[in-house]
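As structure tokens, the structure follows; a few thoughts come after it.
The values are calculated or read from the model by the stated rules, or taken from the named source; none is laboratory data. Keep in mind it's a predicted model, so treat the numbers as computed, not measured. FYI the Cβ positions are ideal-geometry reconstructions off the backbone, even for glycines, and counts take in every protein chain you see. Calculation scope for accessible area: heavy atoms of the full protein, side chains included, ligands and nucleic acids excluded. Shrake-Rupley method; radii C 1.70, N 1.55, O 1.52, S 1.80 Å.
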Amino acid sequence: MSTTAHQTWVALGPAGAAGSIHRHGDRFSVRLRSGSEERGPFDSLEVAKQALHAALGPGADRPEFREH
């Protein structure tokens, strides 16, 4: 996946930034705050949001996503 993101969304939870989503053309990748590993690619922003939320673990509140 390209290292240059065209758009970025920050995932904000109760404890602050939980991770981010990066758009690369028509694909999306996810990066958690706690790790440097990029996950993906995903076909849509909604699927990337779901993947980031799932990666936060069982019982985690769904973060708010803000374009940055």
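Couple of notes before you dig in:
- Residue count, region 55-68 (criterion: in contact with a Lys or Arg (Cβ under 9 Å, 6 or more places away or on another chain), open to solvent by less than 50 Å² (accessible area, probe 1.4 Å) and over 17 Å from Gln7 (Cα atoms)): 2
- Of the strands (runs of 3 or more DSSP E) that lie entirely inside the chain, those containing 1 or more residues that are among the β-branched types (Val, Ile, Thr) span 7-13, 16-24, 27-32.
- Residues in region 4-32 that are at pLDDT 95 or above, among the aliphatic types (A, V, I, L, M) and open to solvent by 30 Å² or more (accessible area, probe 1.4 Å): Val10, Leu12, Ala17.
- For region 33-54, taking the residues that are hydroxyl-bearing (Ser, Thr, Tyr) and open to solvent by 90 Å² or more (accessible area, probe 1.4 Å), the one that is modelled with the lowest pLDDT is identified as Ser36.
- Taking residues in region 40-56 that are under 14 Å from Gly25 (Cα atoms), and partners anywhere that are open to solvent by 50 Å² or more (accessible area, probe 1.4 Å), the pairs with Cβ atoms closer than 6 Å and at least 6 places apart or on different chains are Pro41/Met1; Pro41/Arg27.
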